[in-house]
1. With axes computed from alpha carbons, what is the tilt in degrees of helix 94-105 against the longest principal axis of the chain, rounded to the nearest 10 within 0 to 90?
2. Which residue fluctuates the most in the chain, going by a Gaussian network model with Cα springs under 10 Å, if the choices are P148, P13, P79?
3. For E202, what accessible area in Å² do you get when you roll a 1.4 Å probe over the heavy atoms of the protein chains, rounding to the nearest 10?
4. Taking all protein chains together and a probe of 1.4 Å, list E46, E123, E27, E58 from the most accessible to the least accessible.
5. Among L161, L176, L186, determine the one that fluctuates most according to a GNM of the chain built with springs between C-alpha atoms less than 10 Å apart.
6. Nearest 0.05, what FRET efficiency do Q192 and K149 give at R0 = 41 Å with Cβ-Cβ as r?
7. Keeping all protein chains in position, work out how much accessible area T47 exposes to a 1.4 Å probe, and write it in Å² to the nearest 10.
8. Please give the helix 205-216 orientation as an angle from the longest Cα principal axis of the chain, in degrees from 0 to 90, rounded to the nearest 10.
Amino acid sequence: MRKNPYIIFLSAPGAGKGTQAAIVAQELNMAHIASGDLFRQAIRDETELGMRVKSYVESGQLVPDETTIKMVLGRLSAPDAEGGAILDGFPRNLQQAEALDKALAEQAKAVDKVVYIKVSEEELLKRLSGRWICRQCQAPYHTINSPPKVRGKCDKCGGELYQRPDDTAQAVKKRLQVYFTQTAPLIDYYAQSGKLLEVDGEGSVDEVRRRIVSALHREVVARWA
Ligand code: AMP
């Protein structure tokens, strides 16, 4: 018997997907599986997977499907995610979406809803170019929208702030191009099966969070209570 739904968070890079997925997962007490975080952790730990995916991640290209699908499906079979999870950053193209559908169907499960956070292209560029992350606790900051109290230092743990290698101008351009050609077609894919929940991603983190949580309560969570 499943405890929770399977919810995918889908958006362009810079739309606040990672921030929102983490907050909502905590609020709904669900496992949060972020493919980008799993790759970055493997790179930091210098594992065999990390070495293999480093150049893709740092240049803003998609890691090959076989590697990505194996990693995410493996994580999904852990006990905390078996009964449902929030997927953040996966699937990123049609092949991955089909592989996920197939793997869930084999266990008589399915994706329940897809939260699509919509932000204009102009806003995406503004957000991506000012992004900084804490090296220790991964808290995100933005030079304009949410600057740290002390420049270069994390408010929460005092860690050093750095720019992700894929947040440099050239990599940002590549990530947006990859998103529009490979990931954006998933919006139609999930709309056709009636699973898409479109949420306006402009405004403060808290405003967007409230929109997502209320849409999820209306459409999904009430049915699982
Ligand atoms: P993110 O943190 O979601 O922006 O992901 C950072 C990077 O990790 C991406 O630019 C890709 O290089 C890689 N990545 C994350 N998720 C996927 C995925 N589903 N498929 C392929 N590559 C991915």
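1. 50
2. Result for the chain, Cα springs under 10 Å: P79 fluctuates most.
3. 70
4. On the way: E46 130, E123 40, E27 90, E58 70 Å².
The ranking, largest first, comes out as E46, E27, E58, E123.
5. Answer for the Gaussian network model of the chain: L161.
6. Numbers: r = 46 Å, r/R0 = 1.13.
E(calc), rounded to 0.05, equals 0.30.
7. Around 50 Å² of this residue is reachable by solvent.
8. Around 0 degrees separate the two axes.
The values are calculated or read from the model by the stated rules, or taken from the named source; none is laboratory data. Remember, it's a predicted structure, so these values are computed and weren't measured experimentally. Methodologically, a virtual Cβ is constructed for each residue, glycine included, from the backbone with ideal geometry; neighbour enumeration extends over all protein chains shown. Ligands, DNA and RNA are excluded from the accessible area calculation, which covers all protein heavy atoms including side chains. Shrake-Rupley method; radii C 1.70, N 1.55, O 1.52, S 1.80 Å.
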